[in-house]
1. Do we find a residue being surrounded by 18 or more Cβ atoms within 10 Å (Cβ to Cβ), within 18 Å of residue 159 (Cβ to Cβ) and either at pLDDT 95 or above or within 20 Å of the chain's Cα centre (by Cα) (or both) anywhere in the range 261-275?
2. Are any residues in the range 266-319 assigned to a loop (DSSP other than H, G, I, E, B) and in contact with a strand residue (DSSP E or B) (Cβ under 9 Å, 6 or more places away or on another chain), and if so, which ones?
3. Which residue pairs have Cβ atoms closer than 6 Å, lie 6 or more positions apart in sequence or on different chains, and pair a first residue in the range 31-56 that is at negative phi with a second residue that is in a helix (DSSP H, G or I) and at pLDDT 90 or above?
4. Since residue 35 meets every condition but one in (1) under 22 Å from residue 208 (Cα atoms); (2) touching a helix residue (DSSP H, G or I) at 6+ places or on another chain (Cβ under 9 Å); (3) surrounded by 20 or more Cβ atoms within 10 Å (Cβ to Cβ), which condition does it not meet?
5. Can you give me the ranges of the strands (runs of 3 or more DSSP E) entirely in the range 82-190 with at least 1 residues that are at pLDDT 90 or above, touching a strand residue (DSSP E or B) at 6+ places or on another chain (Cβ under 9 Å) and surrounded by fewer than 18 Cβ atoms within 10 Å (Cβ to Cβ)?
6. Check the range 6-19 and report whether any residue there is touching a strand residue (DSSP E or B) at 6+ places or on another chain (Cβ under 6 Å) and either assigned to a strand (DSSP E or B) or over 30 Å from residue 267 (Cα atoms) (or both).
7. Tally time: how many residues in the range 191-217 are farther than 17 Å from residue 19 by Cβ and either part of a helix (DSSP H, G or I) or touching a helix residue (DSSP H, G or I) at 6+ places or on another chain (Cβ under 9 Å) (or both)?
């Protein structure tokens, strides 16, 4: 019997407008963004990791395993740690490769140490985005960075892929952008992307959030490449700048490539593409609340991940692969999803 979580995710492909209210397209050079407007019945009450950090309500701590971090929720609110979030610090920079909705915590519960109540500490899965460092620079703690992983790295970070594929895509990005080896000597993705920060800032300054916006669908060179949205427009406002920058990196990757003239309405094209895609789905219990659903298209060109909680999706992320590591170095004819807790932390 198909799980309810998978049925919810499938419904967005069968009838996209049941979840997506699409705004007026905004364009700059080779990047076009379509705002996604939240629908009232899809709202989930949570704050983002960035807002929690500003108030000192979350703590992310190093462990001895590359593939694990520990997180403590000190807030009286639910906190979303989105898929694709990068964190800087500890012994290596990492990316969080599944969306996590932490239950209400509370400082007193964290500090009490009462076994009956339990501490609000969770072990969360991470993948390294800094290959050549394994030492502390500023202690064991982490802070979220201002850069999310861009679509090609994100495609490899979704759990069907191993750590080596993430590193491979980062090195491919270095080659594409012609970064010298003296740039980011520890192979830090975050250090590499700083080099193009002025260019990405110039791009994203041309896009503005609209009222009740909760996400974006993105076209690069006239081609639909991905979509990301949340069940909370307030949290989106905290995270949107970083998300725009991640997609802007894709615009830079393809700025000198042929531009596909889009003769169709952007809204119609998004709906048409989503309805034509066919996926393999896998689901598992989330680290905190809800269920994680992963999906890979039958042609291996699209990959996505979402967190379903209370009948809606806290975060939805879907991207297509464009060139990069997989196209150059390997083919993966069959994807085996990681669907249990032991596989979650394999390197």
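1. No - not one qualifying residue is present in the range 261-275.
2. 277, 278, 286, 287, 288, 290, 298, 301, 310
3. Sorted first by the residue in the range 31-56, then by its partner, the pairs are 31/251; 34/266; 38/233; 48/235; 48/238; 48/239; 50/238; 51/238.
4. With (1) under 22 Å from residue 208 (Cα atoms); (2) touching a helix residue (DSSP H, G or I) at 6+ places or on another chain (Cβ under 9 Å); (3) surrounded by 20 or more Cβ atoms within 10 Å (Cβ to Cβ) applied to residue 35, the lone miss is (2).
5. 121-128
6. Looking through the range 6-19, none of the residues is touching a strand residue (DSSP E or B) at 6+ places or on another chain (Cβ under 6 Å) and either assigned to a strand (DSSP E or B) or over 30 Å from residue 267 (Cα atoms) (or both).
7. We begin by selecting, within the range 191-217, every residue farther than 17 Å from residue 19 by Cβ; these are 191-211.
Filter again for either part of a helix (DSSP H, G or I) or touching a helix residue (DSSP H, G or I) at 6+ places or on another chain (Cβ under 9 Å) (or both), leaving 191-204, 207, 209, 211.
Number of matching residues: 17.
Here is a yes/no grid of residues against (1) closer than 15 Å to residue 148 by Cβ; (2) modelled with pLDDT under 95:
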position: 193; (1), (2): yes, yes
position: 210; (1), (2): no, no
position: 216; (1), (2): yes, no
position: 219; (1), (2): no, no
position: 229; (1), (2): yes, no
position: 238; (1), (2): yes, yes
position: 259; (1), (2): no, yes
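The values are calculated or read from the model by the stated rules, or taken from the named source; none is laboratory data. Computed from a prediction, not measured in an experiment: that's the story for all the values here. A quick note on method: Cβ atoms are made from the backbone with ideal geometry, for glycine too, and the neighbour counts reach across all protein chains shown.
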